[in-house]
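Here's the structure, in structure tokens; my notes come after.
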Amino acid sequence: MQEFDQEKSKKSIELLNSIMEFELAGVVRYTHYSLMVTGPNRIPIVQFFQTQANESLLHAQQAGEILTGLEGHPSLKVAQVTETNQHSVETLLRESLSHESKALELYKKLLETVEDSSIYLEEYARTMIGQEELHNMEIKKMLRDFTSSEP
């Protein structure tokens, strides 16, 4: 196992800040989505988006705890959240899938950075990758009933 050097620590802190900002954007995104859902299936979909918002907040807090443990300073920024003004359930789910895919990429970058240097950070990154992959699968399942093109 290689040593967790200063360069890897700095890169990890940068990535953890990006993750934190992105997860906080997820809180905003999913809270907004939960307010915009209408129709006969509103209640379970609202609950799904509220759960996603709460989970995004937890993920942001976890990333912040780790980066302060590495002597980093947590960002006060929130990643940009675009408003498309398209609020069909299908559109919201497709946007969610895109968001979750980007989160997955960030966690994979973190894993690449810490691999063979920190077992704790590797396990954290792997756990988060697994959770994001599960979110992607769940959203893809939710999109199956829509008649438009594949996600």
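Summary table
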| quantity | calculated |
| --- | --- |
| Top-ranked residue of region 115-136 - restricted to ones that are over 14 Å from the mean Cα position of the chain (by Cα) and assigned to a helix (DSSP H, G or I), ranked as nearest to residue 41 (Cα to Cα) | 123 |
| Filter pass, residue 124 being surrounded by 18 or more Cβ atoms within 10 Å (Cβ to Cβ) and either among the hydroxyl-bearing types (Ser, Thr, Tyr) or modelled with pLDDT of 95 or more (or both) | yes |
| Close pairs from region 122-145: first under 17 Å from residue 102 (Cβ atoms), partner acidic (Asp, Glu), Cβ under 6 Å, at least 6 apart | 132/100; 135/100; 136/100 |
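The rows are residues; the columns are (1) closer than 20 Å to residue 14 by Cα; (2) touching a residue at least 40 places away in the same chain (Cβ under 8 Å); (3) surrounded by 15 or more Cβ atoms within 10 Å (Cβ to Cβ).
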residue	(1), (2), (3)
61	yes, no, no
86	no, no, no
99	yes, yes, yes
108	yes, no, yes
111	yes, no, yes
115	yes, no, yes
120	yes, no, no
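One line per residue, one yes/no per condition, for (1) at pLDDT below 95; (2) under 21 Å from residue 141 (Cα atoms); (3) not hydrophobic (A, V, I, L, M, F, W, C):
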{"residue": "37", "(1), (2), (3)": "no, yes, no"}
{"residue": "62", "(1), (2), (3)": "no, no, yes"}
{"residue": "101", "(1), (2), (3)": "no, yes, yes"}
{"residue": "107", "(1), (2), (3)": "no, no, yes"}
{"residue": "118", "(1), (2), (3)": "yes, no, yes"}
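The values are calculated or read from the model by the stated rules, or taken from the named source; none is laboratory data. Since the model is a prediction, treat every value here as computed from it, not as a measurement. Neighbour counts run over all protein chains shown; Cβ positions are idealised from the backbone, glycine included.
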